Amino acid sequence: MSMTLYHGEPNGPSFTVLAALFEKGLQADLVRIDLAAGARHGLPCAQQAEVAMSVEGEGPVLVVDGEGMTDSVFIACYLDDVGNGAPLRPSGPYDRWETMAWCRQMIERTAPAAAFLGCKAHPPMADPRLLANVGSVDLRWRWEAIGAGVFADDMLADSRRKIAAAVEKIEAKLVGRDWLMGEFTIADLESYAWLAGMAGLVPKAYAGKVRTAAWMDRIKGRSAVGRALSLATVADPTAYWVPGPEINRWG
Amino acid sequence: MGDVALYHWEPNANSGKPMLTLMEKGVAFDSHYVDLLNFDQHRPDYLAINPQGTIPVMKHGDLVLTESTAIMEYVDEAFPGPKLMPDNPRDRWRIRWWMKFMDQWLAPSFSMIGWSVFVGPAVRSKDPEELKAAIERIPLPERRVAWRKAIYGLFGDDEMKESQRRVAVGIGMLEKALSKRTWLASDQYSLADANGFNLAYALPLSQPSLSNDALTPNIMRWLRSIYARPATKACWATGRTDMVKRVAILEQPHIGREHVP
């Protein structure tokens, strides 16, 4: 089985997938693409439904036997299934439930907020020719809003609140443990992926959060994570942002 | 009964996902009906179980589980019975992808339309002061906004139009996926099908101009196949509202263009 991973800078969902790949000791053809230019929409698999309509927005794409796979948490679950390294999910059903439920809240509430704030601070510059291929109408609207500099104040404030809530939750979860689920899991990778770049943008949320700071250092100290971060082609990959999941439009 | 208890509303959307999964697996459970239309989910006894005030919640012994799709995976892993996740890792990825797509992108649009035409009108006749107090008790700010819109009919034209656009796109995607394989995300019946049925069981009634045997034959085949399963029949038979009883449309052998009102 050969795999090709099209990825951006090691931040957000690209970070999760690259780190999971290396944690599991897997080999893949690594192809860096400029997600911030809209390069994903020029890939041969760009119009496959699971690529074009990925809820995650501009995330990495793992291609296996011609099928483009998106959504970083689920790609990481796949890599966990096929790889040989230490498990990235707990073995018991309840602990696995907690891991998936944690990730669900992270991708539904934290990720849209982080991508929104990240794109406001570090706007991606899309190539208009590539954006013409964007299959998801609402994703194209998000690109257009970023291009026009439209960031509503109430959404910015709500996004900051969601980042603060996520950091609070992490700080509370880390009492008496090194990793969010007790053992190192995809929940650590996905949470770090979206929150590493928020420390500079929402500093108040991180003030006094000593357990969170130590946890971030522990993650950065892992060899697989170091390998993922070494693929950065920019000085600070946590300042590299692309349109992410949309902020909930209903309920 | 046993040590499993499910706090749920109707076999529909989020409540129906764990209900149907438990029934498919043959897991007996204590059913606790939480009447969404009576705001039971925001009362202190329910908030003591789930402080977020969302439905459903499952208890397994001393364990308390929320997030309906994550509960589905738990039920499949924790109990014996037919496996609802295939062995193939790529199939499992595809099943999760479709469940997320439906949960986060498609279902909110179905839900907005459903709350506009069913949930809002169903509660609107209650005492205005009682409704106001009910809204104030909702723990999550975004749910307060949702209920306010439903109760007072505050949906904007643009957001309803966008929901209808997404429903049309989603129906097209489901039809295309189901033209490639028997089931939505793999070659065997899976959690993605149970999830999807909760979203789409009334499609030929709610979206008659977009889904019927002429326009979406694969969706209709899929819905009827799921409804023919004993677990689905038993699950939907527990429904109390007219909304859920719409599932009977699937007993009709043919729903053509003439069905369009």
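The values are calculated or read from the model by the stated rules, or taken from the named source; none is laboratory data. Keep in mind it's a predicted model, so treat the numbers as computed, not measured. When we count neighbours, we look across all protein chains shown, and the Cβ atoms used for this are built from the backbone with ideal geometry, even at glycine. We work out accessible area using only protein heavy atoms, side chains counted, and drop any ligands, DNA or RNA first. Shrake-Rupley method; radii C 1.70, N 1.55, O 1.52, S 1.80 Å.
Does segment B:16-23 contain at least one residue that is within 24 Å of A:T70 (Cα to Cα), crowded, with 18+ Cβ neighbours inside 10 Å and facing another protein chain (nearest Cβ under 10 Å)? No, the conditions are met nowhere in segment B:16-23.
Looking at B:V64, is it closer than 20 Å to A:E98 by Cα and either in contact with a Gly (Cβ under 9 Å, 6 or more places away or on another chain) or of a type in the set (A, V, I, L, M, F, W, C) (or both)? It is true that B:V64 is closer than 20 Å to A:E98 by Cα and either in contact with a Gly (Cβ under 9 Å, 6 or more places away or on another chain) or of a type in the set (A, V, I, L, M, F, W, C) (or both). Note on segment B:117-146: among residues that are touching a Gly at 6+ places or on another chain (Cβ under 7 Å) and part of a helix (DSSP H, G or I), the one that is farthest from the other protein chains (Cβ to nearest Cβ) is B:G120. Quick check on my filter: what residues within segment B:186-212 are of a type in the set (D, E, K, R) and open to solvent by 30 Å² or more (accessible area, probe 1.4 Å)? Selection gives B:D187 alone.
Give segment B:219-230 a look and list any residue that's open to solvent by less than 40 Å² (accessible area, probe 1.4 Å) and more than 16 Å from B:S190 (Cβ to Cβ), or say none.
From segment B:219-230, those open to solvent by less than 40 Å² (accessible area, probe 1.4 Å) are B:219-220, B:222-223, B:226-227; that's our starting set.
Answer for segment B:219-230, where residues must be open to solvent by less than 40 Å² (accessible area, probe 1.4 Å) and more than 16 Å from B:S190 (Cβ to Cβ): B:I219, B:M220, B:Y227.
Among what's in segment A:109-129 and is open to solvent by 40 Å² or more (accessible area, probe 1.4 Å) and in a helix (DSSP H, G or I), pick the residue that is nearest to the other protein chains (Cβ to nearest Cβ). If we take residues in segment A:109-129 being open to solvent by 40 Å² or more (accessible area, probe 1.4 Å) and in a helix (DSSP H, G or I), then A:R109 is nearest to the other protein chains (Cβ to nearest Cβ).
Entry remark, segment A:130-151: residues being over 18 Å from the mean Cα position of the chain (by Cα) and either part of a helix (DSSP H, G or I) or buried (at least 18 other Cβ atoms within 10 Å of the Cβ) (or both) number 12 in total. Within segment B:38-54, the residues that satisfy the criterion of being outside any helix (DSSP H, G or I) and either within 12 Å of chain A (Cβ to nearest Cβ) or of a type outside the set (A, V, I, L, M, F, W, C) (or both) are B:R43, B:N50, B:P51, B:Q52, B:G53, B:T54. Taken as a whole, segment A:152-167 holds no residue that is among the acidic types (D, E) and in a loop (DSSP other than H, G, I, E, B).
Name every residue in segment A:55-71 that is at the interface with another protein chain (Cβ under 10 Å from one of its Cβ atoms) and open to solvent by 10 Å² or more (accessible area, probe 1.4 Å), in order of residue number. Lay out the reasoning, then the answer.
In the first step, residues of segment A:55-71 are kept if they are at the interface with another protein chain (Cβ under 10 Å from one of its Cβ atoms); the result is A:55-56, A:62, A:64-65, A:67, A:69-71.
Result: A:V55, A:D65, A:E67.
Checking each residue in segment B:60-84 for being more than 7 Å from chain A (Cβ to nearest Cβ) and acidic (D, E) picks out B:D62, B:D76.
A quick yes/no check of all residues on (1) within 18 Å of the chain's Cα centre (by Cα); (2) more than 24 Å from A:M106 (Cβ to Cβ):
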position	(1), (2)
B:S116	yes, yes
B:A133	no, yes
B:R144	no, no
B:D158	no, yes
B:T182	no, yes
B:Q188	no, yes
B:L203	yes, yes
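When the residues of segment B:150-177 are filtered to those that are hydrophobic (A, V, I, L, M, F, W, C) and within 12 Å of another protein chain (Cβ to nearest Cβ), which remaining residue is surrounded by the most Cβ atoms within 10 Å (Cβ to Cβ)? This residue is B:L174. Look at segment B:105-116: where a residue is more than 8 Å from chain A (Cβ to nearest Cβ) and a partner is of a type outside the set (D, E) and surrounded by fewer than 20 Cβ atoms within 10 Å (Cβ to Cβ), sitting 6+ places away or on another chain with Cβ atoms under 6 Å, you get B:S116/B:F155. A:R218 satisfies every condition listed in (1) surrounded by 18 or more Cβ atoms within 10 Å (Cβ to Cβ); (2) touching a residue at least 12 places away in the same chain (Cβ under 8 Å); (3) not aliphatic (A, V, I, L, M) except (1).
The lone criterion from (1) within 11 Å of chain B (Cβ to nearest Cβ); (2) part of a helix (DSSP H, G or I); (3) open to solvent by 20 Å² or more (accessible area, probe 1.4 Å) left unmet by A:I75 is number (3).
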